[in-house]
């Protein structure tokens, strides 16, 4: 090995050591610490609000020490910077939250502001996720809070870390959570990863979760991908979920695709759930689609009965009018 190779290796090692130390962050042993980072493009303006029913409600301070206080955004409001808040006790993190940098907060003790880079913050959060991933199925746990915070970070480091977790983490629950936050927060690149996992993950539960996740995304192909999933996935529960979430998108071709599944899918469960999916369409479209199934004599008696059942659950005028005709014996059934 020549001197140049040794020198290059030493420089690489020094860079890695520096990076590792930077990613640890300098946090207090007790109390709150906070740092600001660049937000991913289009990041939602997360904060707490005076009212969740009134769209005109104003921002209010998020009480970080209290019981879990709901937070979110209003409409399509976005932010270009976020703050990460971490509370420590005895040197261990026991609460983590990420909010828009402009969101006011309240804490029982002073917040120590520290300086770091967006990439180093992302690296630190990746470490948090790895530590907490065994408990990612627990409610309101630090692992998911860390994933949410990571998803809000601008840059390739956060994107790559979430992609690696979504595609390759050994724990299905970690993959599911990573897929959700990629789809929810990280625009088209995140949606593309979520869609890939939806089609390719070995675990049916992860693929089902992917079907939900992409409906929360900005993908321009949501309906097309859900139809493909419903037509091709080997698991009947996944196919059924694809039709359910397709109906919730309200896409123009939903009735046609779901109606085709009712006719051609070989699994009784999928056909039954596809009829239910029609009931989830916007009211007038749902009524028309269910009536079409109820009157289609090429379908089984059971399928037509299910359509009538869901019509009976509807408060739509058209559905009630049709049922009155059926009861009067004036409609084919």
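A short reminder: the numbers here are calculations on the coordinates, not readings from a lab. Remember, it's a predicted structure, so these values are computed and weren't measured experimentally. Neighbour counts run over all protein chains shown; Cβ positions are idealised from the backbone, glycine included.
Computed quantities for the displayed model
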| read-out | value |
| --- | --- |
| Label selected from (i) 27, 45, 23, 5, 0; (ii) 27, 61, 12, 0; (iii) 29, 49, 12, 6, 4, 1, the criterion being P(r) over Cα pairs in 20 Å bins from 0, in percent as computed here | (i) |
| Contact order normalised by residue count of the chain, Cα under 8 Å, 6+ apart, percent | 11 percent |
| GNM top mover of 306, 167, 297 - the chain, alpha-carbon springs below 10 Å | 297 |
| Paramagnetic reach from residue 60 in the stretch 90-130 [backbone N under 19 Å; point 7 Å along Cα→Cβ] | 99-100, 102-108 |
| Packing-based order for 186-195, 278-287, using average beta carbon neighbours within 10 Å, highest first | 186-195, 278-287 |
| Fully extended contour minus Cα-Cα distance, from residue 131 to residue 216, at 0.36 nm per residue | 27.9 nm |
| R0 of 45 Å, Cβ-Cβ distance residue 112-residue 268: FRET efficiency to nearest 0.05 | 0.15 |
| Helix axis angle, 301-313 relative to the chain longest principal axis, alpha carbon, degrees | 70 degrees |
| Whole-angstrom Cα spans of the stretch 96-221 along principal axes, big to small | 47, 31, 23 |
| DSSP bridge pairs, the chain: antiparallel proportion in percent, nearest 5 | 80 percent |
| Expected-Rg normalisation [2.2 N^0.38 Å, Cα atoms] applied to the stretch 222-333 | 1.02 |
| Residues 24, 144 arranged by fewest to most Cβ contacts within 10 Å | 24, 144 |
| Modelled FRET efficiency - R0 45 Å, residue 41 with residue 317, Cβ distances, 0.05 increments | 0.50 |
| Full-extension gain in nm, residue 288 to residue 94, via 0.36 nm per residue minus C-alpha separation | 64.6 nm |
| Computed lengthening from residue 24 to residue 160, 0.36 nm per intervening residue step minus Cα-Cα distance | 47.1 nm |
